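Below is one structure, written out as structure tokens; comments come after it.
The values are calculated or read from the model by the stated rules, or taken from the named source; none is laboratory data. The structure presented is a predicted model; accordingly, all values stated were derived computationally and were not measured. Note that each Cβ is placed from the backbone with ideal geometry, even for glycine, and that neighbours are counted across all protein chains shown.
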Amino acid sequence: MTFKKNILCIGAGYVGGPTMAMIAHKCPDYKVTVVDINPTRIAEWNSDDLPIYEPGLDTIVTSTRGKNLFFSTEIERGIKEAEIIFVSVNTPVKTFGAGAGMAADLQYWERTARQILECSESSKIIVEKSTFPVRTAFAMERILSLTKNDIHFDVISNPEFLAEGTAIKDLENPDRVLIGSRETPSGLQARDELIEIYANWVPKDRIITSNIWSSELSKLVANAFLAQRISSINSFTAFCEKSEADITEVARAIGMDSRLGNKFLNPSIGWGGSCFKKDILNLVYLCRHYGLDEVATYWEAVVNINEYQKERFVLTMLSAMFNTLAGKKICLFGFAFKANTGDTRESPAIFIAKKLIDEKAELVITDPEALNNAKIDLNDINGTISYIEDPYEASDGCDAIAVLTEWEMYKGLDFKKIFQSMIKPAFIFDGRNILKHKQLFDIGFNVFPIGKPSLTHF
Ligand code: UDX
Ligand code: UDX
């Protein structure tokens with residue numbers, strides 16, 4: 001079959017994989033190839049056991065793979081054949097040199113740009129899919145303009161707003177698709193080519209365009225606002241615990257104000273995931289770079305409150321359990337940074353697990369999807385940790401349960417049975433407020449929710 005266009009995506013991660021699967025699914029006349037430097041990852045994408053867990057992803061991949069969706073390690077060939085290249089490589093926080101701990105590490109991105117330059121034999125559209133610092137497109141254009149022949153590259157910014165766990169739903173029915181371009185004739189033409197792809201399934205009024213810098217910045221601002229909202233509600237959990245107010249009641253009351261809305265008001269042990277911290281720190285770094293210290297300090301506080309929230313959770317456990325956790329067995333319900341994913345990047349569970357081990361507690365970790373990643377995250381930790389998929393078996397003989405991920409399955413467990421198998425007094429720390437606290441208390445548990453009064457038998 002001959003295809004209308006060849007699309008390439010460099011980077012087969014949580015963003016590149018699902019996004020390209022959706023494009024292939026919705027645009028059968030485009031050939032979509034996803035390449036990655038990691039051959040194991042590509043082999044997994046080509047197997048029945050995909051490298052990431054994402055509800056609905058299997059169905060889309062199996063229906064398109066081998067037809068118009070291909071996963072490969074042949075990066076050079078992919079570049080040569082493509083008319084449109086999405087760049088979806090990771091942009092972690094820099095761990096060395098200037099800006100260490102804050103700025104984005106752009107080495108993968110630059111290497112990718114140089115590889116595109118070296119291998120290209122025809123003009124192409126380059127789409128920034130990864131979240132990059134503002135004005136990365138400028139640097140990318142500079143590198144790609146080093147071409148020796150008359151090949152031309154148009155760089156477009158098209159940030160991805162999908163959230164893990166709901167990636168397929170988000171991709172299928174996005175609130176908006178944002179495309180930022182140069183306002184030159186070829187920039188606008190490149191923008192229109194991208195619009196044509198998305199218009200296969202996204203209503204035209206949800207495909208919005210902007211200048212390229214606004215597009216890059218919008219992604220950072222969106223993540224900063226989302227994280228700020230959670231840090232805001234989490235900051236008030238501390239206040240509620242002191243004042244006997246109830247955060248669920250407060251969230252409901254403020255969320256009914258149509259100006260505020262009721263989403264992203266779930267109190268938690270803190271937000272995690274690969275994006276929020278990295279993107280806000282990057283924003284803070286950029287603010288300082290531009291001499292905007294007050295703006296930098298404002299956004300940095302969003303991260304600081306998140307660190308405080310994680311710390312506070314452990315201190316609550318410590319103080320509730322008579323100020324000593326040494327030798328006590330604590331079961332962590334969930335390790336993923338949120339439900340419906342096996343991803344543990346920046347999961348608050350990592351911090352909490354390490355702190356509990358510092359207190360000499362013994363840990364049993366249960367999670368339906370994230371145990372393999374949890375083992376990797378805690379690999380270098382000196383302490384007693386076991387990993388058990390069945391929550392009943394995991395909590396057997398424990399002193400306490402700490403709910404760290406809001407998995408739906410935890411709500412339906414038989415807590416009477418769990419209580420009977422635990423050491424007494426038995427504690428539950430509900431770091432996501434998903435359980436029925438009064439019922440647990442009536443069973444005999446000492447219950448510590450987030451941002452509401454604790455229910456104790458002593
Ligand atoms: C990443 C970034 O974290 C995020 O900011 C950005 O918006 C999109 O890319 P994610 O897809 O979750 O998000 O990252 P990851 O799962 O690590 O995938 C990146 C992939 O790129 C990896 O499979 C890695 O092997 C690959 N890669 C990296 C390359 O193919 N070439 C490189 O030079 C570097
Ligand atoms: C986020 C953005 O939502 C998405 O648009 C962007 O593309 C990538 O970053 P993601 O990190 O995958 O997506 O998940 P998200 O649903 O935003 O959750 C992030 C963290 O916030 C999780 O740890 C989650 O548990 C936490 N959270 C979310 C809360 O603590 N309370 C809430 O009300 C919502």
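Observations, loosely collected:
- Exclusive hit being more than 21 Å from the chain's Cα centre (by Cα) and either within 26 Å of residue 274 (Cα to Cα) or β-branched (Val, Ile, Thr) (or both), set 388, 376: 388
- Restricting the stretch 114-140 to residues that are surrounded by fewer than 17 Cβ atoms within 10 Å (Cβ to Cβ) and not in a helix (DSSP H, G or I), the residue that is modelled with the lowest pLDDT: 135
Per-residue answers, yes or no, for (1) within 16 Å of ligand 2 (Cβ to nearest atom); (2) basic (Lys, Arg); (3) over 13 Å from residue 306 (Cβ atoms):
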| site | (1), (2), (3) |
| --- | --- |
| 216 | yes, no, yes |
| 235 | yes, no, no |
| 242 | no, yes, yes |
| 247 | yes, no, yes |
| 278 | yes, yes, no |
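- Any chance residue 277 is basic (Lys, Arg), modelled with pLDDT of 95 or more and under 16 Å from the mean Cα position of the chain (by Cα): yes
- A single entry from 324, 366 fulfils the requirement of being without any contact (Cβ under 8 Å) to a residue 40 or more places away in the chain, more than 15 Å from ligand 2 (Cβ to nearest atom), under 28 Å from residue 410 (Cβ atoms) and surrounded by 22 or more Cβ atoms within 10 Å (Cβ to Cβ): 366.
- Those helices (runs of 4 or more DSSP H) of the stretch 323-439 in which 1 or more residues are among the aliphatic types (A, V, I, L, M) and closer than 30 Å to residue 235 by Cβ occupy 348-358, 371-377.
- Among residues of the stretch 90-113, those that are under 19 Å from residue 142 (Cβ atoms) and away from ligand 1 (no atom under 13 Å from the Cβ), counted: 1
- All of 406, 389, 346 fail the test of being surrounded by fewer than 18 Cβ atoms within 10 Å (Cβ to Cβ) and not hydroxyl-bearing (Ser, Thr, Tyr), apart from 389.
Conditions tested, residue by residue: (1) in contact with a helix residue (DSSP H, G or I) (Cβ under 6 Å, 6 or more places away or on another chain); (2) free of Cβ contacts under 8 Å to residues at least 40 places away in the same chain; (3) not aromatic (Phe, Trp, Tyr).
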{"site": "94", "(1), (2), (3)": "no, yes, yes"}
{"site": "97", "(1), (2), (3)": "no, yes, yes"}
{"site": "137", "(1), (2), (3)": "yes, no, yes"}
{"site": "153", "(1), (2), (3)": "yes, yes, no"}
{"site": "156", "(1), (2), (3)": "yes, no, yes"}
{"site": "159", "(1), (2), (3)": "yes, no, yes"}
{"site": "167", "(1), (2), (3)": "yes, no, yes"}
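- Residue that is nearest to the chain's Cα centre (by Cα) [pool: residues in the stretch 152-181 that are more than 13 Å from ligand 1 (Cβ to nearest atom) and assigned to a loop (DSSP other than H, G, I, E, B)]: 166
- The listed residues are 88, 123, and the only one of them that is farther than 19 Å from residue 286 by Cβ, touching a Cys at 6+ places or on another chain (Cβ under 8 Å) and small (Gly, Ala, Ser) turns out to be 88.
- When each of 307, 294 is tested for being surrounded by fewer than 19 Cβ atoms within 10 Å (Cβ to Cβ), part of a helix (DSSP H, G or I) and under 18 Å from the mean Cα position of the chain (by Cα), the lone residue that passes is 307.
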